[in-house]
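To keep things clear, I will list the structure first and then write my remarks on it.
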Amino acid sequence: MTRTASIDRATKETDVRLELSLDGTGDGVRETGVGFFDHMLDLLARHGRMDLDVKVTGDLQTGGHHTVEDTGIVFGQALDRALGDRAGIYRYGTATVPMDEARATCSLDISGRPYVAFDAPQLVPGVTGGFDHELTEEFFRAVANAAKLTLHLSVERGSNAHHIIEALFKAFARALRAATSIDPTETGVPSTKGTLTT
């Protein structure tokens, strides 16, 4: 079973080209024009054990919002496509990740129902490496909507924005890795409905 997807999405604001393989090692190049965001995508690929190539040309003169959100949309679309009918996956994943003084938890369900609960009061407004802190939630919301995930993200403690955001991305990556992994005891789609795509 090959769990891969390739998507090109062009609008007046961004041009996103993305290739995803769920069963990888973290290979690939991430080039969005927002250095800190590239670093977060590197973490997502490495800790999610997925190969991820991302190339984005965006209207960065207006800020990073469109670039980050549209990358999230395309990543979510690619994830949705690569998962196919969801047969054989574990479906659920949870991970808690410490990053120095910060600690974040992600719980997700590949449910077919997009929902995001984002609780990070410690993540105050600001910019790290050209990345507006508020774009963290925007990215995860875009991914969840496009991939139809139920996604709960929370920051349990932290004071350094870099550490908080990094802990969130790592927790998401680890939870996603668990949820998308193949369950050798699952013979079909892990749902009493018989589908997780709608």
message: Can you say whether Gly58 is among the small types (Gly, Ala, Ser), at pLDDT below 95 and buried (at least 23 other Cβ atoms within 10 Å of the Cβ), as far as the supplied structure shows?
response: yes
- line: Per the list (1) of a type in the set (D, E, K, R); (2) over 15 Å from the mean Cα position of the chain (by Cα); (3) not in a strand (DSSP E or B), residue check on Arg103 breaks on (3)
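Rundown of residues vs (1) farther than 25 Å from Thr25 by Cα; (2) of a type outside the set (A, V, I, L, M); (3) crowded, with 17+ Cβ neighbours inside 10 Å; (4) touching a strand residue (DSSP E or B) at 6+ places or on another chain (Cβ under 6 Å), yes/no style:
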site: Arg103; (1), (2), (3), (4): no, yes, yes, yes
site: Gly112; (1), (2), (3), (4): yes, yes, yes, no
site: Ala117; (1), (2), (3), (4): yes, no, no, yes
site: Asp132; (1), (2), (3), (4): yes, yes, yes, no
site: Ser159; (1), (2), (3), (4): yes, yes, no, no
site: His162; (1), (2), (3), (4): no, yes, yes, yes
field: Cβ-Cβ under 9 Å pairs, at least 6 apart or on other chains, segment 1-24 side part of a strand (DSSP E or B), far side at pLDDT below 95 and of a type in the set (S, T, N, Q)
entry: Ser21/Thr2
Test for Leu123: is it over 13 Å from the mean Cα position of the chain (by Cα) and over 20 Å from Gln61 (Cα atoms): yes
query: Within the group Leu123, Leu79, Leu43, which residue is part of a loop (DSSP other than H, G, I, E, B), crowded, with 17+ Cβ neighbours inside 10 Å, in contact with a helix residue (DSSP H, G or I) (Cβ under 6 Å, 6 or more places away or on another chain) and not small (Gly, Ala, Ser)?
result: Leu123
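The values are calculated or read from the model by the stated rules, or taken from the named source; none is laboratory data. Since we're looking at a predicted model, the values are computed, not measured. Ideal geometry is used to build each Cβ from the backbone, glycine not excepted, and the neighbour counts take in all protein chains shown.
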